[in-house]
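A.B. asks: Before anything else, here's the structure in question.
The values are calculated or read from the model by the stated rules, or taken from the named source; none is laboratory data. These numbers come from a predicted model, not from an experiment. Here the Cβ positions follow ideal geometry from the backbone for every residue, glycine too, while neighbour counts run over all protein chains shown.
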Amino acid sequence: MKKTSNRVFTAVCVFALICTLMWVVFYAIQTYFVLTTGSGDGVINWDSPHIGRKLTVFVINRILILTMAGLMGAFVFNILKYLKGGMIFNRANVVLLWVMAIVLPIHSFISDNMGSACSDADQFDWMLTDTPFVYAIVGVIVALLYKVACDAAEEQKLTI
Amino acid sequence: MIIVNLDVMMARRKMSLNELSERVGITVANLSILKTGKAKAVRFSTLGAICRVLDCTPGDILEYRPDEE
């Protein structure tokens, strides 16, 4: 791989790692305010009869954010690790992308319901939009394309 | 399956892996992949260079053996 491409890839990966870290920090701060501000719109309504369900959705959302951040961080870290050897494709990232393709639609579904979970309303109604399906399709396409590219790169590497 | 008899030809010509690598112009690591039969494909240019250095034909290096069922 050319030195320039190597530098560009490294810069993009470092930027992605910083963005992932900022994402986690932002939601950590938001979690603090949502849980401590008291009842109201945009935060948890502690007086709601559905507080158990609302809190469960909130906690699952935070766990999924951490999971996605971990997966994305590991993905970028793997690229940085293999970049020294001149490769950006590796088997570990193929697995990570398949896991992301499963986790991302679930994360999207829970995120769609966060508006209801963190609202002034007493009621909690589940909501299903097309977003999780769109994320699932895009996730599967990206994972498949990465796998094909990884296979091709390995074959190219073993062509003497 | 295709068997690579590079080690046989190297022994006949009394040539080391390092020397062959230098004269052919490919790395020892890649030559080792080829020698151990781990390579998935061989470029005509590489095969030609090996044949030139070892003074042989592709048939001396590559051999076809039917798979055992």
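A.B. asks: Given the criteria more than 12 Å from the chain's Cα centre (by Cα), within 12 Å of another protein chain (Cβ to nearest Cβ), within 14 Å of A:Thr159 (Cβ to Cβ) and not charged (D, E, K, R), does B:Thr27 qualify?
C.D. replies: Yes: the conditions hold for B:Thr27.
A.B. asks: Here is a follow-up. The conditions are (1) within 14 Å of another protein chain (Cβ to nearest Cβ); (2) within 21 Å of A:Val94 (Cα to Cα), and A:Thr159 fails exactly one of them. Which is it?
C.D. replies: Unmet for A:Thr159, out of (1) within 14 Å of another protein chain (Cβ to nearest Cβ); (2) within 21 Å of A:Val94 (Cα to Cα): (2).
A.B. asks: To continue, here is another question. May I ask you to verify whether A:Gln123 is more than 19 Å from the chain's Cα centre (by Cα), polar (S, T, N, Q), more than 14 Å from every other protein chain (Cβ to nearest Cβ) and surrounded by fewer than 16 Cβ atoms within 10 Å (Cβ to Cβ)?
C.D. replies: Taking the combined requirement at face value, the residue satisfies it.
For every residue, the table says whether it meets (1) within 14 Å of another protein chain (Cβ to nearest Cβ); (2) within 30 Å of B:Ser32 (Cβ to Cβ); (3) modelled with pLDDT under 95.
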{"residue": "A:Lys84", "(1), (2), (3)": "no, yes, yes"}
{"residue": "A:Arg91", "(1), (2), (3)": "no, yes, yes"}
{"residue": "A:Ala101", "(1), (2), (3)": "no, no, no"}
{"residue": "A:Gly115", "(1), (2), (3)": "no, no, yes"}
{"residue": "A:Thr129", "(1), (2), (3)": "no, no, yes"}
{"residue": "A:Leu144", "(1), (2), (3)": "no, no, no"}
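A.B. asks: Do we find that A:Asn6 is of a type outside the set (A, V, I, L, M, F, W, C), within 30 Å of A:Lys157 (Cα to Cα) and touching a residue at least 40 places away in the same chain (Cβ under 8 Å) in this structure?
C.D. replies: For A:Asn6, the condition - of a type outside the set (A, V, I, L, M, F, W, C), within 30 Å of A:Lys157 (Cα to Cα) and touching a residue at least 40 places away in the same chain (Cβ under 8 Å) - is met.
A.B. asks: Follow-up question, since we're still on this one. Would you check which residues across the stretch A:37-89 are under 17 Å from A:Asp125 (Cβ atoms), out of contact with any Lys or Arg (no Cβ under 9 Å at 6 or more places or on another chain) and not charged (D, E, K, R) and list them?
C.D. replies: Of the stretch A:37-89, the ones under 17 Å from A:Asp125 (Cβ atoms) are A:41, A:44-45, A:48-58, A:60-61.
Pick out the ones that are also out of contact with any Lys or Arg (no Cβ under 9 Å at 6 or more places or on another chain) and you get A:41, A:49-58, A:60-61.
Hits for the stretch A:37-89 are A:Pro49, A:His50, A:Ile51, A:Gly52, A:Leu55, A:Thr56, A:Val57, A:Phe58, A:Ile60, A:Asn61.
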